[in-house]
Structure formats: structure tokens, C-alpha cells
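A short write-up of the structure that comes next.
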Amino acid sequence: MKRILLLSFILLFAHSSFAATEGKFIQKDNMFPRVEIVTTLGSIVVEMDRSRAPITVNNFLTYVADGSYQGSVFHRVERDEDNERDFVIQGGGYDKDYDGLHENDPIFNESGNGLKNDMYSIAMAYQDRKPHSGTRQFFFNMDDNDHLNPGRDWGFAVFGMVMDGYETLDKIMRVETAFNEKIGYSFVPKTPVVILNVKVLEANQ
């Protein structure tokens, strides 16, 4: 009986330790960790840049490690209609019912790291006029969005680039969108685009 209780305790401790894994411990000697984001419309491989955006990369990897991106959606697929150009695909913050997901503490904005909001880059989202409020939501730039780079004000911190899966992002960009009453936001896909999994790839891939 004692042996069973001890084994149960060990398993529970191991599970808790895994759930609490911080991103800074994931491939900690790899400055350019890669992840594969698997969605209902295909996969996207992203290479992140710890040398330029260590806080943002480690923050993202923390959410990857606890599995909390699984089942989240891309809630914003926005075009700049006035200029007839694509803009951004944003996600990671809501589930399929558009309920907000758990957020860790907000992080420092690393937008001054020299990385630009160019097409197919990935960046950290934040609340309007609150540059250091970023938590778990991220977005893909679907054009060269120079106005999102820092200038007199803070910009949006880019922390990686898409290496594969451009066609997946292009496919997401073409989904039909509408206003969503629950989150009070336009450009929400009528059929949810769900993140099925985000997994860290081996360092040599």
C-alpha cells in the first residue's frame, strides 16, 4: 500500500513539474528553437530568435510546454481593405467558444530588438496603448507592416520567422470572416481555425 501511495506521489509530482516547465529551460542552449504549429488548415514551422527576443521566445515556449495553445483559435484574420493588402493573423488567446484562456504575467516589450514586422514574421500581441501587456496572444504578419515597428512609440516585438507552411497561412488568410458578438471583434473566421498542437522540434531539424 505504501509503495502504491509513493508511486502515485511520484507520478503526481512529475506531472506537476512538467506542467510548470518554463520556456527558458526548453533547449536552453539553442538560440534558434523551432516549433511546428499544427492547425485545422495545415502546419506552420516557425524559427524563433532567442538572441534578439529571449523574453518573448521563452514566454511563448512556456505556453507551448503546458499545452495551453492546444484547442485555441486564430480569432483575427484581418485585411487592410482600403489598401487592398493582407494584414495579420492573430491567435492563441481564445478557445473554440471564444472564451479567454489562462494568462501568465505580462512580459516586457522587446520591440527594440532590431527584428522587423515583415511578411511571415511572428510577433507578440498586446492590449491597445499598453505595450508591456503581452501575455499569450501572437500574430503573423501577412505583409510588410512597417507601422508596427517601434518609432517614437513602442512597436510589436517580433520573435521569429516562418520557415515552412507559408501556404497554410495563405489559406487561413482566405477564410470567410465576420463580426463576432461574444468578443466584440470583426475579422473573426466564421468557421474556427483551430490550433491542434504546438510542438518543439528537435534542434537539428
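The values are calculated or read from the model by the stated rules, or taken from the named source; none is laboratory data. Nothing here was measured: the structure is a model prediction, and the numbers come from that model. Backbone-built Cβ (ideal geometry, glycine too); neighbour counts: all protein chains shown. These area figures cover heavy atoms from the full protein model, side chains too; ligands, DNA and RNA do not enter into them. Shrake-Rupley method; radii C 1.70, N 1.55, O 1.52, S 1.80 Å.
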Among (1) within 16 Å of PHE187 (Cα to Cα); (2) open to solvent by 30 Å² or more (accessible area, probe 1.4 Å); (3) at pLDDT 95 or above - the single one ASP80 does not satisfy: (3)
Do we find a residue being in contact (Cβ under 8 Å) with a residue 40 or more places away in the chain, among the aromatic types (Phe, Trp, Tyr) and under 23 Å from THR21 (Cβ atoms) anywhere in region 102-122? yes
Looking at VAL64, VAL88, VAL73 in this structure, which one is touching a strand residue (DSSP E or B) at 6+ places or on another chain (Cβ under 7 Å), within 21 Å of PRO150 (Cβ to Cβ) and not small (Gly, Ala, Ser)? VAL88
Limited to region 93-114, what total is found for residues that are in a strand (DSSP E or B) and either within 23 Å of LYS199 (Cβ to Cβ) or open to solvent by less than 30 Å² (accessible area, probe 1.4 Å) (or both)? 3
How many residues does region 39-65 hold that are over 19 Å from ALA203 (Cβ atoms) and crowded, with 17+ Cβ neighbours inside 10 Å? 6
